[in-house]
Amino acid sequence: INAEYGGFVRFAMGILLDEPKFPVSNRAPSFTETVGNFSAYDTLRWSGATAAALPLGYAVGARGVRVPSMVAAGMLGCLGGFMLSYQASAGRLLGMLPPNRK
């Protein structure tokens, strides 16, 4: 606990509290570098989350709003899948996850 901030721990964005367990490829990857580092599994995860969300959205929608519900769920699945893939890619670049096998 840090007394300088009134007894609360203050966290700043971009500060890693854990030491990397694997070789660091890039300490501060940009958005394009992180997306460019997507593996085939990351792309599969992204598209799989999107594909799984579409029928789920259709199934939970009431009559008359099934298609809009499917579209909304598909957008959420696409965003969630992208965020999971982005996190994995950034973790590999920062040395928190094992690098891609060649």
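Of the conditions (1) modelled with pLDDT under 95; (2) within 19 Å of Met83 (Cβ to Cβ), Val24 clears all except one; give me its number.
Against the list (1) modelled with pLDDT under 95; (2) within 19 Å of Met83 (Cβ to Cβ), Val24 comes up short only on (2).
If we keep just the residues of region 85-102 that are charged (D, E, K, R) and part of a loop (DSSP other than H, G, I, E, B), which is nearest to Lys21 (Cα to Cα)?
Arg101
Let's see how each residue does on (1) under 28 Å from Leu17 (Cβ atoms); (2) more than 16 Å from the chain's Cα centre (by Cα); (3) without any contact (Cβ under 8 Å) to a residue 60 or more places away in the chain; (4) open to solvent by less than 30 Å² (accessible area, probe 1.4 Å):
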| site | (1), (2), (3), (4) |
| --- | --- |
| Ser47 | no, no, yes, no |
| Tyr58 | no, yes, yes, no |
| Gly61 | no, yes, yes, yes |
| Val65 | no, yes, yes, no |
| Val71 | no, yes, yes, no |
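The values are calculated or read from the model by the stated rules, or taken from the named source; none is laboratory data. Small disclaimer: the values here were computed from a predicted structure and weren't measured. Backbone-built Cβ (ideal geometry, glycine too); neighbour counts: all protein chains shown. SASA here: full protein model, heavy atoms, side chains in, ligands and nucleic acids out. Shrake-Rupley method; radii C 1.70, N 1.55, O 1.52, S 1.80 Å.
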